[in-house]
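Written below as C-alpha cells is the structure these notes are about.
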Amino acid sequence: FYSIDALDSNGDMLDGGVIKSSLAQILEDPREVNFNSIGYFTSMNRDSWADIRDELESLNPELIHKIDSSMFVLCLDEYDVAKRAPGTEISVADAIPLINNGLHGEAYNRTLR
C-alpha cells in the first residue's frame, strides 16, 4: 500500500493540488500490483485474522501503526461503468457490480477495520 500525508506539520490540510499530485504519482507507479497484501487477511475469520495481525505487528510494528493511525483508506481502482448516454440514470444491473467493487473489490487492496 501507499501512504501520503494529507496534513502539514501544523496539522492543517494540505492544498488539494498537493494531494492530487501525490495520488497521480501513485497511479503512475510502474511496479506490479501486489496481490498478496494485508487486505486479504482482513477478510478471514476474525480469530485467524487476529493471530496473523499479532504476528505482523511483531514483525513490522511501523506498518500496522501506519494503517491503524490513518485518517482514511482510499482505493484507486480502475472500474468501468457501462457506457450510457449523458443524463441517463445508471441501471440496477450496472450499479450492483459498481457497489460490490466499492465495498470489497478484489480484496487484495482493502483493509477492513
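The values are calculated or read from the model by the stated rules, or taken from the named source; none is laboratory data. Just so we're clear, the structure is a prediction, and the values are computed from it rather than from any experiment. For the accessible areas, the whole protein counts, side chains as well, though only heavy atoms, and no ligand, DNA or RNA atoms are used. Shrake-Rupley method; radii C 1.70, N 1.55, O 1.52, S 1.80 Å.
Taking all protein chains together and rolling a 1.4 Å probe, Tyr40 ends up with roughly 90 Å² accessible. Using a probe of 1.4 Å on the protein chains alone, the accessible area found for Asp54 is around 100 Å².
Of the accessible area of region 1-40, computed with a 1.4 Å probe over protein heavy atoms only, carbon and sulfur atoms account for 51 percent.
Quick one: order Phe35, Phe41 from most to least accessible surface, probe 1.4 Å. Write down the numbers at each step before the final one.
On the way: Phe35 110, Phe41 70 Å².
Highest to lowest solvent-accessible surface, that is Phe35, Phe41.
For the set Arg46, Arg53, the ranking by accessible area, highest first and with no ligand, DNA or RNA atoms included, is Arg46, Arg53 under a 1.4 Å probe.
Between Leu23 and Ser37, what is 0.36 nm times their sequence separation minus the Cα-Cα distance? Round to one decimal in nm.
Taking 0.36 nm per residue and subtracting the Cα distance, the gain is 3.1 nm.
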